[in-house]
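Here the structure is laid out as structure tokens; the discussion comes afterwards.
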Amino acid sequence: MQGLPYVLYNVGMSLDGKIALETYTPSFSSPQDWQEVHQLRASVDAIMVGIRTVLRDDPALTVRHVPPPLVPPAKVVVDSQARMPLGAKVLQGSAKCFVATTSSASLANIQKLQRASAQVIVCGESWVDLPRLLKILHSDWNIHKILLEGGGTLAYSMLCHRLVHEIRVAISPVIVGSRGGIALAEGKIVPSLEQAIQLQLIEHYPLGDVFILRYKVKYS
């Protein structure tokens, strides 16, 4: 992963492992955790999400609750078909917004996003080439640290491409029991634990009503 940004995947989830439900994302957090998350946002160069997160939750991806940095973190949206609504909150404000898309996306959609001041990066044919995207962000835009905030499918792809260095999980004391919920990492099930992505616990601590686990991702 030399020459690529350092990526921290931050996620809140229920005790039964759901980070979101089908139609919305509950707040699996506490006021103390929220403040710490915004401190993390203030410490990185960019905050990254997938298009499903934008369509479902319309996040602003801004720094609040703590003193803002001199330069607000950029926003990176992985959107293979460039279908992000022009009214999305990520397009508002002074921070740069990068939309990573593919050559199969509608040219009209790309041009609309560009007119809305988005910096469109085309990398990949049908799916966004994630290693190439991170290399472009690092080399062309001086982005050295990224806070990945979802969703589960993007997180799994980033992990499979060996692009995530660290995972921070806030576990909320609730059980949602939704069969259609979204897990921390959404992808194919490995045939054996030997082929699973391995983690090393760095630290753990309570933070209000939630419990924080921080892991280093181990790649063989």
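Odds and ends about this structure:
- Per-region count, the range 91-107, residues modelled with pLDDT of 95 or more, within 22 Å of Thr62 (Cα to Cα) and either among the charged types (D, E, K, R) or surrounded by fewer than 13 Cβ atoms within 10 Å (Cβ to Cβ) (or both): 1
- Meets criteria (closer than 24 Å to Ala95 by Cα and surrounded by 18 or more Cβ atoms within 10 Å (Cβ to Cβ)) for Asp57: no
- Of all the residues in the range 12-48, those that are exposed (fewer than 15 other Cβ atoms within 10 Å of the Cβ) and basic (Lys, Arg) number 0.
- Subset of the range 97-139 that is more than 19 Å from Met158 (Cα to Cα) and among the small types (Gly, Ala, Ser) - its residue that is nearest to the chain's Cα centre (by Cα): Ala118
- Subset of the range 60-90 that is basic (Lys, Arg) and not in a strand (DSSP E or B) - its residue that is surrounded by the fewest Cβ atoms within 10 Å (Cβ to Cβ): Arg64
- In the set (1) of a type outside the set (Lys, Arg); (2) surrounded by fewer than 15 Cβ atoms within 10 Å (Cβ to Cβ); (3) closer than 18 Å to Leu134 by Cβ, the condition left unmet by Gly187 is number (3).
- Filtered residues of the range 1-28 (kept if closer than 18 Å to Val44 by Cβ, part of a loop (DSSP other than H, G, I, E, B) and either without any contact (Cβ under 8 Å) to a residue 12 or more places away in the chain or in contact with a helix residue (DSSP H, G or I) (Cβ under 6 Å, 6 or more places away or on another chain) (or both)): Leu4, Pro5
The values are calculated or read from the model by the stated rules, or taken from the named source; none is laboratory data. The structure displayed is predicted, hence computed values, not measured ones. For neighbour counting, all protein chains shown are included, and Cβ atoms are generated from backbone atoms with ideal geometry for every residue, glycine included.
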